[in-house]
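Encoded as structure tokens, the structure appears first; notes follow it.
The values are calculated or read from the model by the stated rules, or taken from the named source; none is laboratory data. No experiment lies behind these values; they were computed from the predicted model shown. As a convention, Cβ positions derive from the backbone with ideal geometry for all residues, glycine included, and neighbour counts pool all protein chains shown. These accessible areas exclude ligands, DNA and RNA; they are computed on the full protein's heavy atoms, side chains included. Shrake-Rupley method; radii C 1.70, N 1.55, O 1.52, S 1.80 Å.
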Amino acid sequence: MDFSLNDDHLALRDAVQRFCTGEYPAEHRGNPETAAQGRQRWQAMAELGLLGLPFAADLGGSEQGAVELMLVAQELGRALGGGAWLAHTVMAGQLLTRLGKLSQQQQWLPALASGERQAALALQEQGARYDWQRVQTRASRSAQGYLLDGRKTLVLHGDTADLLLVVARTSGADDDRQGLSVFALDANTPGVQVQGFDTLDGRRAAHISLTQVELGAGQLLGEPGQAADAIEAVLDAANATLCAEAAGAVEALLVHSADHLRTRKQFGAPLAKFQVLQHRMADMAIALEQLKSMACAAAAAVQGDDAAQRRRVVSAAKAFASQQGRQIGLAAIQLHGGMGMTDECRVGHYSKRLMVIGQLFGDAAWHLQRIATHHRH
């Protein structure tokens with residue numbers, strides 16, 4: 001497997017680095033963004049082509065694959081930036097690409113690529129934990145098309161999205177893989193109630209209630225009841241992207257910790273002179289290289305055609321990123337001493353983001369279980 005980057009990859013990485021340096025000044029990384037900042041950054045990402053990165057060229061995108069998404073995610077992870085990029089481009093946008101008819105893609109994707117509209121995927125439900133197939137939200141047939149009833153939770157950036165992709169059950173029992181459908185609807189549709197909240201890492205998510213929401217038949221993406229494979233592929237793409245983001249965040253933690261150990265003195269010598277702390281830093285550096293390799297492997301698996309291989313590699317990468325991200329975050333806080341616990345010190349913000357990444361779309365235990373289950377089958 002060839003992990004070397006070509007000139008286009010390097011140019012993309014440099015462009016994202018410049019964007020992050022400008023929009024996310026080092027001393028403010030991890031701080032919650034204001035609405036005005038959010039809009040400005042969103043527009044800048046649209047102009048850079050990041051919002052439509054994986055979409056087709058005739059739909060406003062640049063037809064890039066999982067490796068390019070990985071490179072962008074790594075830089076955003078290093079700057080604790082990106083806001084709703086994962087929810088909008090990697091998840092909702094790619095689900096629309098996989099399931100939508102050409103007319104539906106033409107209706108929505110150019111507006112997503114230009115930043116004119118923001119999309120979110122409403123998938124998770126209360127009590128389902130990581131078992132995304134357990135869907136109680138129901139879409140029943142009506143004269144106009146469908147009536148939607150249910151409640152979604154932890155919809156990433158759901159309170160700023162104006163286009164919601166809602167996963168609902170059109171047939172089958174609550175935990176059947178068959179029978180899942182995806183509907184595209186405007187967040188202002190009557191019967192839709194959105195309640196936003198802050199997450200641990202200073203970002204946003206929402207609970208969404210759907211009460212007798214009337215939808216036209218044209219708002220169904222793809223064939224009714226056949227969406228499970230596409231949803232799983234998009235979740236794997238999201239997890240692969242999160243692994244790359246974790247690698248970027250760990251890289252930033254390593255730089256912060258090394259700077260601190262070089263400048264902080266104890267017993268008349270810089271902390272960097274103490275061998276036990278050098279060992280801690282060496283462990284972090286080794287884990288970072290492993291993380292980067294796992295992120296590359298996950299991106300390659302997402303880009304491939306073998307679904308079983310994709311599940312296995314992405315789950316292995318995510319389990320590793322979850323475990324290492326948490327450990328390295330805590331180690332970096334320890335290396336900074338009491339100062340590491342303050343909001344003024346950046347390492348705490350990176351640690352919180354790494355903890356959230358570890359829990360999103362399956363924690364380490366869930367992914368290890370997924371590998372074991374598929375291995376048995």
Consider Thr153 carefully, then state whether it is in a strand (DSSP E or B), surrounded by 16 or more Cβ atoms within 10 Å (Cβ to Cβ) and touching a residue at least 12 places away in the same chain (Cβ under 8 Å). yes
Answer yes or no: is there a residue in segment 53-62 that is of a type outside the set (Lys, Arg), crowded, with 22+ Cβ neighbours inside 10 Å, within 17 Å of the chain's Cα centre (by Cα) and not in a loop (DSSP other than H, G, I, E, B). no
Quick check: is even one residue across segment 140-150 assigned to a loop (DSSP other than H, G, I, E, B) and buried (at least 22 other Cβ atoms within 10 Å of the Cβ)? no
So which residues in segment 164-203 are open to solvent by 20 Å² or more (accessible area, probe 1.4 Å) and basic (Lys, Arg), if there are any at all? Arg177, Arg203
Out of everything in segment 126-139 that is in contact with a strand residue (DSSP E or B) (Cβ under 6 Å, 6 or more places away or on another chain) and open to solvent by less than 60 Å² (accessible area, probe 1.4 Å), what residue ends up being farthest from Leu235 (Cα to Cα)? Ala139
Exactly one condition in (1) assigned to a strand (DSSP E or B); (2) buried (at least 16 other Cβ atoms within 10 Å of the Cβ) is false for Ala161; which is it? (1)
What are the pairs with Cβ atoms under 7 angstrom where one residue, in segment 206-217, is within 11 Å of Gly150 (Cβ to Cβ) and the other, located anywhere, is buried (at least 18 other Cβ atoms within 10 Å of the Cβ) and among the charged types (D, E, K, R)? Sequence gap at least six, or different chains. Ile208/Lys152
For residues in segment 161-192 being modelled with pLDDT under 90 and of a type in the set (Ser, Thr, Tyr), which is farthest from Gln107 (Cα to Cα)? Ser171
Thr137 within 13 Å of the chain's Cα centre (by Cα) and among the hydroxyl-bearing types (Ser, Thr, Tyr): no
Please specify each residue of segment 16-47 satisfying the condition of being surrounded by fewer than 16 Cβ atoms within 10 Å (Cβ to Cβ) and of a type in the set (A, V, I, L, M). Ala26, Ala35, Ala36, Ala44
